[in-house]
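Engineer: Structure below; questions to follow.
The values are calculated or read from the model by the stated rules, or taken from the named source; none is laboratory data. Because the structure is predicted, anything quoted here is derived from the model rather than measured. FYI the Cβ positions are ideal-geometry reconstructions off the backbone, even for glycines, and counts take in every protein chain you see. Note: accessible area is taken over every heavy atom of the protein model, side chains too, but ligands, DNA and RNA are not part of it. Shrake-Rupley method; radii C 1.70, N 1.55, O 1.52, S 1.80 Å.
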Amino acid sequence: MKKGFPNHPYIPNSVPEIEREMLDFIGLESLDDLHKNVPDTLLFKGEMDIPEAFGSEYELRRHVEELFSGDGDCKKYLNFLGAGCWQHYVPAICDEINSRGEFLTAYGGEAYNELGRFQSQFEYQSMVAELVGMDVVNVPAIDWPQAAATTCAMAHRKTGRPQIVLPAILDPEKRAIIENFGRATIEFVTVDCTEDGQIDIEDLKKKVGPQTAGVYFENPNYLGVIETRGAEISRIAHEAGAESLVGVDPITLGVLATPPEYGADIVCGELQPLGIHMNYGGGLAGFMATRDEEAYVNEYPSRLFGIAPTVEPGEYGFGDVAYDRTSFGDLREGGKEYVGTQAALWGLTAGVYLATMGPAGMEEVGQTCMQNARYAVKKLNEIKGVRANSAGGLFFKEFLVDFTATGKTVSEVNDLLLSEGIFGGKDVSAEFPHLGQQALYCVTEIHTQRDIDRLANVLARILA
Amino acid sequence: MKRIDRSKKVRTGFHQAKWDEPIIFELSTPGERGVSVPKASAAVAAAVGDGISDLPDHLKRKERVNLPEISQNRVLRHYMRLSQMTLGADVNIEIGQGTCTMKYSPKVNEQLARLVADMHPLQDEDTVQGMLQMYYEMDLYMREISGLDKFTFQPGGGSQAIFLMASMVRGYFESIGEADQRTEVITTLYSHPSDAAAPAVTGYDIVYVQPDPDTGLPDLEAFKAVCSEKTAAFMVANPEDTGLFNGHIKELVDYAHSVGALCCYDQANGNAVLGVARAKEAGFDMCHFNLHKTFSSPHGCSGPACGAAGVVEKLIPFLPVPSVEFDGKKYRLECDFADEEHGVSKVRAFMGVAPVVLRAYCWIRMLGPNGLWQVTKTAVLNNNYLFKRMMSIPGISAYYEDGNNQRVEQCRYTMEQVTKDTGITSGDVQRRMMDFGMHFWTSHHPYYLPEPITLEPTESPSKKDIDEYVDTVAHIIQECYQTPDIVKAAPHRSTIHQVDERWMDDPDGWAITWKIYNRKYK
């Protein structure tokens with residue numbers, strides 16, 4: 001069969017007459033004369049077993065819509081899953097802006113042809129800096145786990161010390177990512193957590209010493225608990241000459257204290273709650289933040305856009321700050337880690353979100369999350385055998401629900417909930433076996449009182 | 001009225017949008033709101049209080065966040081204006097960003113990708129059977145395109161995929177007890193910097209095999225000189241960023257294998273070879289493709305993205321988890337294949353960037369095997385047409401023209417003759433291109449070739465587009481000789497004028513956020 005696809009809508013020069021004209025111009029007989037430097041032994045002579053092309057855009061649309069028609073999502077189902085990807089309200093303006101073709105299809109131009117890209121990234125950096133209480137924020141990293149991995153590596157490079165202390169309560173997938181990233185140069189040490197889910201201060205004192213580059217902890221942590229002794233943790237790290245490294249969910253920061261207020265030196269976290277759809281996990285984007293000190297700025301692997309004048313008075317321009325620290329600079333592998341395509345569109349989106357929410361919106365969303373989550377805990381605790389937030393720690397939007405006393409496993413409970421149109425919380429019984437049959441529930445501003453009552457009523461019924 | 005003269009070949013009348021837009025903080029008016037936020041119901045508040053006053057003081061935020069207060073339509077207008085000052089690939093003739101494969105991103109894919117917006121990555125498998133089927137079939141397609149045996153879509157970008165490949169190399173050698181012996185990764189000058197930088201993060205020493213000065217490609221003798229029992233992997237792009245395909249690649253791969261090393265194929269430049277040459281026939285053990293480049297998912301100002309990484313059978317246990325498997329009835333997430341001790345387990349959270357994978361799936365399904373072949377053939381045809389026209393511009397040339405080479409999908413040109421003649425650099429010409437609504441990328445750093453211009457047309461532009469692009473370059477090169485001051489002072493009709501970058505490397509002067517700008521420049 002003759003190869004090729006004449007007149008394909010995406011390929012203007014597949015028009016045979018044009019193709020002929022261009023071949024004639026370069027003096028070739030046919031398309032087979034291209035790839036002259038690919039030797040016969042390397043030429044692929046088979047057929048790729050890939051379905052023939054759809055005959056029309058309409059057929060593609062029908063196929064994909066039908067493929068996904070049986071799937072559920074968090075609009076069809078009432079969702080209480082979080083655990084690293086959270087359902088918050090996405091203001092319409094966020095989608096409107098991040099689907100603009102000008103932004104969507106931009107990439108690596110200069111501040112002249114892509115001024116909007118530079119300015120929007122600078123503004124995102126600036127607004128997240130205000131939110132987390134730091135001076136400097138990077139163009140986004142892939143996700144929070146990668147941002148946390150880089151945060152640890154930055155502390156290691158800055159201090160020249162080998163050890164990073166990680167908390168016992170940490171998303172196991174995030175731990176795997178951090179440890180895989182750092183293992184060539186970093187030794188990871190685990191600090192215990194107390195029964196209420198916080199860092200065990202006595203154990204921390206034993207684990208921190210002259211070898212410690214940094215102590216990483218999260219607020220709230222993976223299981224939803226707010227760390228109340230952050231200042232003490234930072235003090236212990238600092239007294240040993242180590243860095244205080246704090247991972248944070250930024251949507252908490254309209255109401256919760258910023259990490260620098262309890263001594264953080266490097267902050268990292270996840271941007272997805274800030275106006276980005278979950279996208280089956282594809283909405284994740286990480287950030288790091290520090291003070292504006294050369295010793296920190298020089299350890300970022302990411303691009304950092306800075307504001308600058310132009311030769312025209314009154315005109316804002318932008319450029320790359322300290323470009324040569326990155327692997328795009330002259331040092332290549334001698335630069336800091338590596339840089340490449342990551343998640344800039346989500347940084348832009350987070351900026352739109354923060355500009356739209358403003359100070360009042362961020363305060364209100366935090367408050368609503370905390371009220372709704374507290375209400376859910378209260379309602380669930382009214383169900384016989386169910387114990388929500390049984391350890392009694394402070395929480396923001398996520399909390400553990402213990403089903404052990406119901407005689408059912410979390411898996412069984414979630415199957416029953418699913419049949420009622422509800423995604424129950426993430427089963428953490430395999431990740432933390434000592435906790436028994438517990439699930440991590442997430443309640444945010446998108447949950448109405450009716451949603452929470454419905455969860456409680458269904459649980460009461462299926463557990464009765 | 002006289003007929004309006006439109007005989008000009010280049011857009012001398014172009015002017016980019018210039019809104020002179022303030023920084024967003026400057027738009028703030030106290031009290032303005034951009035969106036109203038859901039409140040807890042009165043009954044909820046009655047049951048639990050205000051939610052925050054029972055927090056200890058030291059856990060409460062002390063001051064309101066210093067964010068701008070702006071009405072919704074002004075936020076929208078701000079970002080619409082910023083978008084208008086951004087020449088994405090939807091707007092301009094995107095030929096100039098060599099190595100980046102700036103092809104057309106079909107709009108239907110964009111709409112379909114939004115079907116998955118509200119899916120949570122931990123949803124029960126029964127509720128994501130369509131999603132899992134899509135991942136499963138994409139794995140099968142990528143196997144066909146590469147000839148390798150299994151793919152993961154977890155890496156969130158090409159560089160992270162390279163990092164994954166380096167991590168798998170390390171895991172493999174640990175599993176056979178050779179990790180201590182194999183401390184080096186070999187790469188080439190014209191492969192992406194991440195082919196050096198990412199393996200360095202995994203702890204490898206980086207060794208460069210130098211190109212032959214005539215062909216621009218490393219030959220077997222040069223490779224033998226650097227490849228030894230210390231070599232863990234050969235990490236290479238083919239074609240490299242020069243647009244030259246190394247026809248001797250299999251000899252290098254075979255030699256690397258003969259000393260026990262693995263070979264990793266950076267296929268960021270994969271648009272050159274779809275359906276024409278594959279990783280398998282060249283003997284590679286792993287490869288990665290950028291779904292946001294070759295497979296049309298838009299670049300998004302630089303992500304979100306996906307580096308799809310594939311391996312041969314013996315390396316499947318080192319892939320991250322989970323994979324999608326199918327038992328004939330149901331698709332499910334599977335971790336059983338993984339080597340728990342030496343496998344990589346995870347490089348990115350969850351299943352990677354699903355909308356990017358879905359867009360690539362749509363793109364492949366609109367092309368089929370014949371269309372994929374056509375994509376590559378037209379991309380290479382376009383580039384060779386562009387090459388012949390570019391090389392006819394006085395002062396423009398290309399290194400490694402030994403009479404035998406034919407470029408594949410891109411080319412790194414040099415305008416060193418123009419610089420010698422006029423003092424004007426490729427950076428100057430780059431800025432002048434902006435005055436015509438176009439641009440180009442020079443090169444990765446350091447510039448191994450002087451005064452570089454790296455162009456990659458892809459299959460997307462028409463012949464007319466390519467002609468206009470080359471006519472514009474030719475027009476500017478002529479200006480270099482005739483009216484050099486115009487070029488040196490460019491841009492003139494772009495959004496902004498020349499940026500004064502003196503403070504970008506000065507810790508006392510740089511301003512990475514508005515807060516710092518206001519602190520340093522009162």
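Engineer: Using a 1.4 angstrom probe on protein heavy atoms only, which residues from the range A:336-364 are buried by at least 50 Å² of accessible area when all chains are present rather than their own chain alone?
Structural biologist: A:Y338, A:T341, A:A355, A:T356, A:P359, A:E364
Engineer: Taking +1 at the Cβ of each Lys and Arg and -1 at the Cβ of each Asp and Glu, which of A:T185, A:L166, A:A147 sits farthest along the dipole of the range A:143-265 towards its positive end, judged by Cα position relative to the Cα centre?
Structural biologist: Highest projection toward the positive end goes to A:T185.
Engineer: What FRET efficiency do you get for A:K378 and A:K75 if R0 is 35 Å and r is their Cβ-Cβ distance, rounded to the nearest 0.05?
Structural biologist: Plugging the Cβ-Cβ distance into 1/(1 + (r/R0)^6) gives 0.85.
Engineer: In addition: Report, to the nearest whole %, how much of the accessible area of the range A:12-66 belongs to carbon and sulfur atoms, 1.4 Å probe, protein only.
Structural biologist: Percent of accessible area from carbon and sulfur atoms in the range A:12-66: 50.
Engineer: Now for a different question. Quick one: angle between helix A:344-380 and the longest Cα principal axis of chain A, in degrees between 0 and 90, rounded to 10, please.
Structural biologist: 30 degrees
Engineer: Now for a different question. At a probe radius of 1.4 Å, figure out the A/B buried accessible area, summed over both chains, and give it in Å² to the nearest 100.
Structural biologist: Approximately 18400 Å², summed over both chains.
Engineer: Note down the magnitude of the dipole of the range B:111-364 about its Cα centre, charges +1 on Lys and Arg C-beta and -1 on Asp and Glu C-beta and zero elsewhere, to the nearest 20 debye.
Structural biologist: In debye, rounded to 20, the range B:111-364 gives about 700.
Engineer: Here's a follow-up. Roughly how compact is the range B:1-51, stated as its Cα Rg over 2.2 N^0.38 Å to two decimals?
Structural biologist: 2.76
Engineer: A further question on this structure: I need the Kirkwood Rh of chain A: take the reciprocal of the average 1/r across all distinct C-alpha pairs and report it in angstrom.
Structural biologist: Hydrodynamic radius (Kirkwood, Cα pairs) of chain A is 24.9 Å.
Engineer: Loop-only check: which chymotrypsin sites (Phe, Trp or Tyr not before Pro) in the range B:365-452 are DSSP coil with at most 14 other Cβ within 10 angstrom?
Structural biologist: The qualifying sites are B:Y447.
Engineer: Calculate what fraction, in whole %, of the accessible area of the range A:92-353 sits on carbon and sulfur atoms when a 1.4 Å probe is rolled over the protein chains.
Structural biologist: 47 percent
Engineer: In deg cm²/dmol, rounded to 500, what helix-only [θ] at 222 nm does the protein assembly as shown give when every DSSP H run of at least 4 residues adds -39500 (n - 2.57) and the total is split over its residues?
Structural biologist: Estimated from H runs of four or more residues: -10500 deg cm²/dmol.
Engineer: Rounded to the nearest whole Å², what accessible area per residue is found for the range A:12-66 with the 1.4 Å probe?
Structural biologist: Counting only protein heavy atoms, the per-residue value for the range A:12-66 is 58 Å².
Engineer: Anything in chain B that counts as a DSSP H helix reaching 27 Å or more along its axis (C-alpha) with Kyte-Doolittle mean of at least -1.0? List them, would you?
Structural biologist: Span-like helices here: B:354-391, B:463-482.
Engineer: Within the P(r) computed for the range B:388-451, what percentage of the Cα pairs occupies the region above 17 Å?
Structural biologist: For the range B:388-451, the share of Cα pairs beyond 17 Å comes to 46 percent.
Engineer: Counting only Cα, what are the radius of gyration and maximum Cα-Cα distance Dmax of the range A:12-66, in Å?
Structural biologist: 16.7, 47
Engineer: Turning to a different aspect of this structure: Would you give the gap between the C-alpha center of the range A:410-464 and the C-alpha center of the range B:122-176, rounded to a whole Å?
Structural biologist: Here the answer is 31 Å between Cα centres.
Engineer: Among B:K388/B:K463; A:K408/B:K346; B:K9/B:K293; A:K158/A:K207; A:K207/A:K426; B:K62/B:K515, which pairs are too far apart, with a Cα-Cα distance over 23 Å?
Structural biologist: Exceeds cut-off: A:K408/B:K346; B:K9/B:K293; A:K207/A:K426.
Engineer: How do B:H439, B:H445, B:H492 rank by accessible surface area computed with a 1.4 Å probe, from largest to smallest?
Structural biologist: B:H492, B:H445, B:H439
Engineer: Mind checking Rg over Rh on the range A:92-353, alpha carbons, Kirkwood formula for Rh?
Structural biologist: Taking Rg over the Kirkwood Rh, I get 0.97.
Engineer: Keeping every protein chain present and rolling a 1.4 Å probe, give me the accessible area per residue for the range A:92-353 in Å².
Structural biologist: I get 23 Å² per residue for this part.
Engineer: Any chance you could look up the accessible area of B:D402 with a 1.4 Å probe, heavy atoms only, rounded to 10 Å²?
Structural biologist: Roughly 60 Å² of B:D402 is accessible to a 1.4 Å probe.
Engineer: While we're looking at this one, here's another question. Going from most exposed to least, what order do A:T185, A:T194, B:T495 have by accessible area with a 1.4 Å probe?
Structural biologist: From most exposed to least exposed: A:T185, A:T194, B:T495.
Engineer: Please report, largest first and rounded to whole Å, the three semi-axes of the ellipsoid equivalent to the range B:411-522, where each semi-axis is the square root of five times an eigenvalue of the C-alpha gyration tensor.
Structural biologist: 30, 17, 16
Engineer: Right, here's the next one. For a quick size check, give me the Cα extents of the range A:174-318 along its three principal axes, largest first, whole Å.
Structural biologist: 59, 37, 34
Engineer: May I pose another question? Using only the alpha-carbon atoms of the range B:93-220, report the extent along each of the three principal axes, biggest first, to the nearest angstrom.
Structural biologist: Cα extents, longest axis first: 51, 47, 26 Å.
Engineer: What does the charge count near B:G343 come to, summing +1 for each Lys or Arg and -1 for each Asp or Glu among other residues with Cβ under 14 Å from its Cβ?
Structural biologist: -3
Engineer: Considering the alpha-carbon set of chain B alone, what are its Rg and its Dmax in angstrom?
Structural biologist: Here Rg and the maximum Cα pair distance are 26.1, 84 Å.
Engineer: Sticking with this structure for a sec: If you roll a 1.4 Å probe over the range B:111-364 with all protein chains in place, what percent of the accessible area is carbon or sulfur?
Structural biologist: That fraction is 47 percent.
Engineer: List, by residue number, every residue in the range B:446-460 with a reduction of 30 Å² or greater in accessible area between the chain on its own and the complete protein assembly, 1.4 Å probe.
Structural biologist: B:P446, B:E459
Engineer: Helix A:410-419 versus the longest principal axis of chain A: what angle, 0 to 90°, nearest 10, using Cα atoms?
Structural biologist: The angle comes out at about 60 degrees.
Engineer: Here is a further query. Could you give the distance between the Cα centres of the range A:260-319 and the range A:320-342, to the whole Å?
Structural biologist: 15 Å
Engineer: Report B:V48's accessible area, 1.4 Å probe, all protein chains in place, as a number in Å² to the nearest 10.
Structural biologist: Rounded to the nearest 10, that gives 40 Å².
Engineer: Can I ask one more? Using 1/(1 + (r/R0)^6) with R0 = 51 angstrom and r between the beta carbons of B:R3 and A:S56, what's the FRET efficiency to the nearest 0.05?
Structural biologist: Plugging the Cβ-Cβ distance into 1/(1 + (r/R0)^6) gives 0.80.
Engineer: Now, a different point. Can you tell me the dipole magnitude for the protein assembly as shown around its Cα centre, using point charges on the Cβ only (Lys, Arg +1; Asp, Glu -1), in Debye to the nearest 20?
Structural biologist: So the magnitude is around 2060 debye.
Engineer: Simple spin-label model, 7 Å along Cα-to-Cβ: A:T448 to B:D214 in nm?
Structural biologist: It works out to 7.8 nm between the two label points.
Engineer: Diagonalise the Cα gyration tensor of the protein assembly as shown and give the resulting equivalent ellipsoid semi-axes, square root of 5 times each eigenvalue, largest first, whole Å.
Structural biologist: Here the semi-axes work out to 45, 32, 28 Å.
Engineer: With +1 assigned to the C-beta of every Lys and Arg and -1 to the C-beta of every Asp and Glu, and no other charges, what is the dipole magnitude of the range A:12-66 about the Cα centre in debye, to the nearest 20?
Structural biologist: It works out to roughly 160 debye.
Engineer: Please list, short to long, the whole-number percent of alpha-carbon pairs of the range B:111-364 in consecutive 10 angstrom bins beginning at zero.
Structural biologist: Each 10 Å bin holds this share of Cα pairs: 7, 33, 36, 18, 5, 1.
Engineer: How large is the accessible surface per residue of the range B:105-199, computed with a 1.4 Å probe and reported in Å² as a whole number?
Structural biologist: On a per-residue basis, 22 Å².
Engineer: Another one. For the range A:280-299, list whatever residues lose no less than 30 Å² of accessible surface once every protein chain is in place, relative to that chain by itself, with the probe at 1.4 Å.
Structural biologist: A:Y280, A:G281, A:G282, A:L284, A:D292, A:E294
Engineer: Stretch A:E187-A:E65 to full length: gain in nm at 0.36 nm per residue minus the Cα-Cα span?
Structural biologist: Stretched out fully, the A:E187 to A:E65 stretch lengthens by 39.1 nm.
Engineer: What FRET efficiency, computed as 1/(1 + (r/R0)^6) with R0 = 51 Å and r the Cβ-Cβ distance, is obtained for B:R64 and B:E125, rounded to the nearest 0.05?
Structural biologist: So the FRET efficiency works out to roughly 0.70.
Engineer: Also: Once the Cα atoms of helix A:57-69 and of chain A are each reduced to a long axis, what angle between those two axes, in degrees from 0 to 90 to the nearest 10, is obtained?
Structural biologist: Result, in degrees: 20.
Engineer: What percent antiparallel are the DSSP beta bridges of the range A:92-353, to the nearest 5?
Structural biologist: Antiparallel: roughly 45 percent of the beta bridges in the range A:92-353.
Engineer: Toward the positive end of the charge dipole of the protein assembly as shown, about the Cα centre and with charges on Cβ (Lys, Arg +1; Asp, Glu -1), which of A:F68, B:T188, B:L381 goes farthest?
Structural biologist: Of A:F68, B:T188, B:L381, it is A:F68.
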